Amino acid sequence: MSDSNEYDAHDDDMAPDDTDDLAPDGVEIPVGPAGDTAPGDALPYGGDDDEVKRVEAALYARIGEQSPEHRLTATRRAVELLGDPHLAYPVIHITGTNGKTSTARMTESIVRAHGLRTGLMTSPHLVSIRERIVIDGEPIESSRFVENWDDITPILEMTDAEVTAKGELPLTFFEALTVLALACFAEAPVDVAVIEVGMGGEWDSTNVVQSQVQVFTPIAIDHAKQLGNTVAEIARTKSGIVKPSSSVVSSAQTPEALAELERAAELTESTLAVEGTAFRVTSDTPAVGGQLVSVQGIAGTYDDLFVPLFGAHQAHNAAVAIAAVESFLGRGSQALDEDVLSEGLANATSPGRLQPIATGPTVVVDAAHNPHGAKALADALPVAFPSDHVVGVVGILRDKDARGFVRALKDTVATFVVTQPPGERALDADEFARVVVDEVGNDRVVVEPSLAGALQEARDLADDADAEDAMVLVAGSIVMVGAVMELVHREGGSK
């Protein structure tokens, strides 16, 4: 993906369509240019039973993620009534605009390689809502997901009653999901939780945790309506996760964003380690199935680490993850064991981020949905998947910078097949097509509102192109990427 693509966590989130006719487990899906394969159950495709869907429906019946309440009081009250499960384990808390999910996944994988039982909360999900709550590297079991939900439901209802009596709105989808995740981690139990912020930071419901390490991935303009119109405003909101006397780790930032992080660290008497000064990527070399990355960490030097993710941005995400774990395990004063670190990074995954999912022709999906993420995608794609002819299947949500997204990709994509993601927030395909035509010209644009039809059209165009290495790229919306992955999975992984 461009993981620089991960973007504000639940920013592209919608409930995926239910699908009952999926292929059975065991279908092999190509995951690397060398023909490496992974089982079809690498994600819980079609793995959600009726009880999980009942819980999911109850969550989605609440106020949606795109309308977050700027408050912590409701979530704090719910966890208080539950006995403060979030205080039962230390936390690494991760925010930023792009790269959060991949950084969170690498951080969790490194910590788990050190023998600790981990919890991981990320958002949004691609296929199953259980992807958001991961225990020891696996999506939470259906039975535990449902049982924990049933256990906390009376508390959620009690909280709803209290806050509505004060004239406030009941717990939102993301507030309720956060309470569920925190309870699941305590029940597991986990030794440490890696938690990705949903939106912003200061008032995000995950900020009820008392984290020991706070991590900031690149901060850019996104969610301006909720977070502000300048990088400084957005960074100020995100810096609200910094806790007193803690360890703060940040990727390289713009001067405006860095100034806010420095201010927050100073006010809380926390340490601040910034990429480029406290730690850095010293080299990254493309390799089959990913890349070899060397990192000068806060406390140690680590050479030729295999990272099974594509793109220079993922090398930087790996460096941030290493610095975060150094800060967590030894307050930045003790180098990590290189063998354990190598194992942790080599086992890291980030589905939907610059991920090949089919051959004949090659189909690559990427969750990029803002200009910053699209730029990272444009830089990474030619290195990871060299091609003289890229056919792009693109769709985007109404509240995104559609023009900026297209501009970032117009020199990479030869033909744009314009479609629309599932859900009410999708930008109409015809309306998006007008933007794309304005940027690249009419002769490079095909419109196909049906996602399945758009994917087939793109494959046909790639097959007909005068290039042996023609490929299809799907990008613009996380939920659209998840839907395409399901479509391909049903086919058995190839055309």
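Restrict the check to the stretch 416-428 and report whether at least one residue is without any contact (Cβ under 8 Å) to a residue 24 or more places away in the chain, of a type outside the set (Phe, Trp, Tyr) and either open to solvent by less than 30 Å² (accessible area, probe 1.4 Å) or closer than 19 Å to Gln355 by Cα (or both). Scanning the stretch 416-428, I find no residue that is without any contact (Cβ under 8 Å) to a residue 24 or more places away in the chain, of a type outside the set (Phe, Trp, Tyr) and either open to solvent by less than 30 Å² (accessible area, probe 1.4 Å) or closer than 19 Å to Gln355 by Cα (or both), so the answer is no. Annotation note: Cβ proximity below 7 Å between a residue of the stretch 134-158 that is farther than 30 Å from Gly115 by Cβ and a residue that is assigned to a helix (DSSP H, G or I) and open to solvent by 10 Å² or more (accessible area, probe 1.4 Å) (sequence gap 6+ or interchain) occurs for Ile155/Leu81; Met158/Leu81.
Pairs meeting the criteria (first residue in the stretch 460-474 and over 9 Å from Pro361 (Cα atoms), second residue of a type in the set (S, T, N, Q), beta carbons under 6 Å, at least 6 apart or on different chains) are Leu461/Thr415.
Ser245 meets each of the listed conditions (1) touching a residue at least 40 places away in the same chain (Cβ under 8 Å); (2) under 23 Å from Glu275 (Cβ atoms); (3) out of contact with any Leu (no Cβ under 6 Å at 6 or more places or on another chain) apart from (1). So in the stretch 184-206, with the set limited to residues that are in a helix (DSSP H, G or I) and open to solvent by 10 Å² or more (accessible area, probe 1.4 Å), which one is farthest from Glu269 (Cα to Cα)? By that ranking, first place goes to Glu187. Answer yes or no as to whether Ser450 is open to solvent by less than 10 Å² (accessible area, probe 1.4 Å) and polar (S, T, N, Q). Judged against the criteria, Ser450 is not a match.
Criterion applied to Val484, Val437, Val472 was being part of a helix (DSSP H, G or I), under 23 Å from Ala376 (Cβ atoms), touching a strand residue (DSSP E or B) at 6+ places or on another chain (Cβ under 6 Å) and of a type in the set (Val, Ile, Thr), and the one residue passing it is Val484.
Could we say that Ser350 is open to solvent by less than 20 Å² (accessible area, probe 1.4 Å), of a type in the set (Ser, Thr, Tyr), in contact (Cβ under 8 Å) with a residue 12 or more places away in the chain and out of contact with any strand residue (DSSP E or B) (no Cβ under 6 Å at 6 or more places or on another chain) here? Considered against the rule, which asks whether it is open to solvent by less than 20 Å² (accessible area, probe 1.4 Å), of a type in the set (Ser, Thr, Tyr), in contact (Cβ under 8 Å) with a residue 12 or more places away in the chain and out of contact with any strand residue (DSSP E or B) (no Cβ under 6 Å at 6 or more places or on another chain), Ser350 comes out as yes. Restricting Val474, Val479 to residues that are crowded, with 24+ Cβ neighbours inside 10 Å, within 22 Å of Leu126 (Cβ to Cβ) and either modelled with pLDDT under 95 or of a type in the set (S, T, N, Q) (or both) narrows the list to Val479.
Go over the candidates Ile63, Ile110, Ile29 one by one and state the one that is modelled with pLDDT of 95 or more and either within 30 Å of Pro218 (Cβ to Cβ) or open to solvent by less than 50 Å² (accessible area, probe 1.4 Å) (or both). After applying the criteria, what remains is Ile110. If you go through the stretch 353-383 and keep only what is open to solvent by less than 20 Å² (accessible area, probe 1.4 Å) and farther than 18 Å from Ala483 by Cα, you end up with Pro361, Asn370, Gly373, Ala374, Ala376, Leu377, Ala378, Ala380, Leu381. The conditions are (1) more than 29 Å from Arg132 (Cα to Cα); (2) touching a helix residue (DSSP H, G or I) at 6+ places or on another chain (Cβ under 9 Å); (3) not hydrophobic (A, V, I, L, M, F, W, C), and Glu233 fails exactly one of them. Which is it? Evaluating Glu233 over (1) more than 29 Å from Arg132 (Cα to Cα); (2) touching a helix residue (DSSP H, G or I) at 6+ places or on another chain (Cβ under 9 Å); (3) not hydrophobic (A, V, I, L, M, F, W, C) leaves (1) as the failure.
How many residues, within the stretch 264-297, are in contact with a strand residue (DSSP E or B) (Cβ under 8 Å, 6 or more places away or on another chain), among the hydroxyl-bearing types (Ser, Thr, Tyr) and in contact (Cβ under 8 Å) with a residue 12 or more places away in the chain? Of the residues in the stretch 264-297, 4 are in contact with a strand residue (DSSP E or B) (Cβ under 8 Å, 6 or more places away or on another chain), among the hydroxyl-bearing types (Ser, Thr, Tyr) and in contact (Cβ under 8 Å) with a residue 12 or more places away in the chain. Could you tell me whether Glu56 is open to solvent by less than 50 Å² (accessible area, probe 1.4 Å), in contact with a helix residue (DSSP H, G or I) (Cβ under 9 Å, 6 or more places away or on another chain), at pLDDT 90 or above and among the acidic types (Asp, Glu)? Yes. Number of residues in the stretch 155-175 that are buried (at least 16 other Cβ atoms within 10 Å of the Cβ), in a helix (DSSP H, G or I) and hydroxyl-bearing (Ser, Thr, Tyr): the value is 1. Is it true that some residue in the stretch 133-144 is assigned to a helix (DSSP H, G or I), at pLDDT 95 or above, basic (Lys, Arg) and farther than 30 Å from Glu233 by Cα? There is at least one residue in the stretch 133-144 that is assigned to a helix (DSSP H, G or I), at pLDDT 95 or above, basic (Lys, Arg) and farther than 30 Å from Glu233 by Cα.
Among the conditions (1) closer than 20 Å to Val55 by Cα; (2) outside any loop (DSSP other than H, G, I, E, B); (3) open to solvent by less than 30 Å² (accessible area, probe 1.4 Å), the only one that Pro124 does not satisfy is (2).
Against the conditions (1) open to solvent by 10 Å² or more (accessible area, probe 1.4 Å); (2) closer than 30 Å to Arg403 by Cα; (3) within 21 Å of the chain's Cα centre (by Cα), Thr230 satisfies every one except (3). Only one entry of Ser387, Ser350 meets the criterion of being in a loop (DSSP other than H, G, I, E, B), hydroxyl-bearing (Ser, Thr, Tyr) and over 25 Å from Arg105 (Cα atoms), and that entry is Ser387. Here Val320 meets the list (1) surrounded by fewer than 21 Cβ atoms within 10 Å (Cβ to Cβ); (2) among the β-branched types (Val, Ile, Thr); (3) farther than 19 Å from Val365 by Cα almost entirely, failing just condition (1).
The values are calculated or read from the model by the stated rules, or taken from the named source; none is laboratory data. Model, not experiment: these values are computed from the prediction. Backbone-built Cβ (ideal geometry, glycine too); neighbour counts: all protein chains shown. Quick note on the areas: whole protein, heavy atoms, side chains included, nothing else; ligands and nucleic acids left out. Shrake-Rupley method; radii C 1.70, N 1.55, O 1.52, S 1.80 Å.
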